[in-house]
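Heads up: the structure comes next, in C-alpha cells.
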C-alpha cells in the first residue's frame, strides 16, 4: 500500500491544491489527483485534511524556529544591524521556498474564527524560542508580539504572496521592488529594534 516518498508527495500536492483552491475549498479527491495517488493512500498516511494542514504547519514552524534560533540571543541593536542582510539572505529564501504554504497560512489565518490563527502559532513559536534562549527577557512581551506581527510577519508574508503580481501590475523590476521593500521594512521593523535596548 505504501509507496516510497508517498507521504511527501501527498503533502506537496496538498500545498499546491490548498494554495489554489484554499484549504476550505479543497477536497481530498483533488489532492489525490494532484499527487497522482489513490485517495486510499492519502488516508493511509493522514486521518483527514485537517491533519495534513497540521503536519504542514508544524513543519513550517519547526523550520522557522530553526532559522530564528541562530539569532534569538542577539540584542535589539544587533537585530537591527543584521535585519536587511538576514531578510535578503535567509528569510527571503525561506519565504520563496514556502510561498504556497504561506498563502494557505495567510488565508486560513484571515478566517473569522474563535480558534487560534496559524500565524499566531508561528508568533508564539518565535516568542517561546526567544524566552527559552534568553535568561534576561527584559522587554514587554505584548509589545514584542505586536511589533513582530504587524511590522514583520504581515508585511513579510504579504511581500512573498504579492511580489509577482505587484511587479507585473505596477511594471517594476524585481531588484527595484526588493530594494524598496527592504528600505521600508528597515524603516519600520528595523526602527522597532533600534529604539529598544
Contact order relative to length for region 1-42, counting C-alpha pairs under 8 Å separated by 6 or more residues, stands in percent at 46 percent
Tilt, helix 49-68 to longest principal axis of the chain (alpha-carbon atoms), in degrees rounded to tens, equals 30 degrees
Along its principal axes, what span do the Cα atoms of region 1-46 show, with the longest given first and each in whole Å?
28, 16, 15
Rounded to whole angstrom, the alpha-carbon centroid of region 24-62 lies from that of region 142-187 at a distance of 30 Å
Using just the helices of the chain, give the 222 nm mean residue ellipticity in deg cm²/dmol: DSSP H runs with n ≥ 4 each add -39,500 (n - 2.57), and the total is spread over all residues, rounded to 500.
-21000 deg cm²/dmol
Describe numerically, in nm with one decimal, the distance between label points set 7 Å from Cα along Cα→Cβ at residue 63 and at residue 162.
2.4 nm
Rounded to the nearest angstrom and ordered from largest down, what semi-axes does the equivalent ellipsoid of region 135-197 get from its C-alpha gyration tensor (root of 5λ)?
29, 12, 7
Could you state the per residue volume, in Å³, of the convex hull enclosing the Cα atoms of region 56-194?
114 Å³
For the chain, modelled as a GNM with alpha-carbon contacts under 10 angstrom, which of 186, 148, 175 fluctuates the most?
175
Once you put a point 7 Å from the Cα of residue 90 and another 7 Å from the Cα of residue 51, both along the Cβ direction, what distance in nm separates them?
3.4 nm
Please compute the contact order of the chain in relative form: average sequence separation of alpha-carbon pairs under 8 Å and at least six residues apart, divided by the residue count, as a percent.
25 percent
Computed over the chain: longest principal axis from alpha-carbon atoms vs helix 99-109 long axis, angle to nearest 10 degrees, is 90 degrees
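Coordinate-derived values only; no laboratory data. Predicted model only: the values in this text are computed from it and were never measured. Quick reminder, even Gly has a Cβ in these numbers, built from the backbone with ideal geometry, and neighbours come from all protein chains shown.
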